[in-house]
Amino acid sequence: MVEGRLGYNLENDRYGLLVSDLWEKVGFHCGERLEVMVDGKWQQTRMEMGIDRQWYLTGTPYYGNLEYIRARTGR
């Protein structure tokens, strides 16, 4: 697993995974699985986009601005 934080990539209009301010993953697609930290525990989720064109993480309180959320994914 690669651990970092989510960041918005203006090049492709998607959230990606940053490790030490370098793109480990340049952008997640809808339905793509990852894990995020929620209340001190890793939680499995999927990246999705709502009808209002806002990104969100299923089953979590994270909706809209996902910058700096601690996340991890397999390579």
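The table below lists the values:
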| quantity | calculated |
| --- | --- |
| In region 56-75, the residues that are in contact (Cβ under 8 Å) with a residue 24 or more places away in the chain, assigned to a strand (DSSP E or B) and either out of contact with any Leu (no Cβ under 6 Å at 6 or more places or on another chain) or open to solvent by 80 Å² or more (accessible area, probe 1.4 Å) (or both) | ARG70, ARG72 |
| Hits in region 41-55 - residues which are surrounded by 10 or more Cβ atoms within 10 Å (Cβ to Cβ), over 14 Å from TYR8 (Cβ atoms) and not hydroxyl-bearing (Ser, Thr, Tyr) | TRP42, GLN43, GLN44, ARG46, GLU48, GLY50 |
| Test: residue in region 27-40 that is surrounded by 16 or more Cβ atoms within 10 Å (Cβ to Cβ), in contact (Cβ under 8 Å) with a residue 12 or more places away in the chain and either in contact with a helix residue (DSSP H, G or I) (Cβ under 8 Å, 6 or more places away or on another chain) or among the aromatic types (Phe, Trp, Tyr) (or both) | yes |
| Selection count where residues are over 14 Å from VAL2 (Cβ atoms), of a type in the set (Ser, Thr, Tyr) and part of a loop (DSSP other than H, G, I, E, B), scope region 20-55 | 0 |
| Hits in region 56-75 - residues which are more than 15 Å from MET1 (Cβ to Cβ) and of a type in the set (Val, Ile, Thr) | THR58, THR60, ILE69 |
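The values are calculated or read from the model by the stated rules, or taken from the named source; none is laboratory data. The structure presented is a predicted model; accordingly, all values stated were derived computationally and were not measured. A quick note on method: Cβ atoms are made from the backbone with ideal geometry, for glycine too, and the neighbour counts reach across all protein chains shown. Side chains included, ligands, DNA and RNA excluded: accessible areas come from the protein's heavy atoms. Shrake-Rupley method; radii C 1.70, N 1.55, O 1.52, S 1.80 Å.
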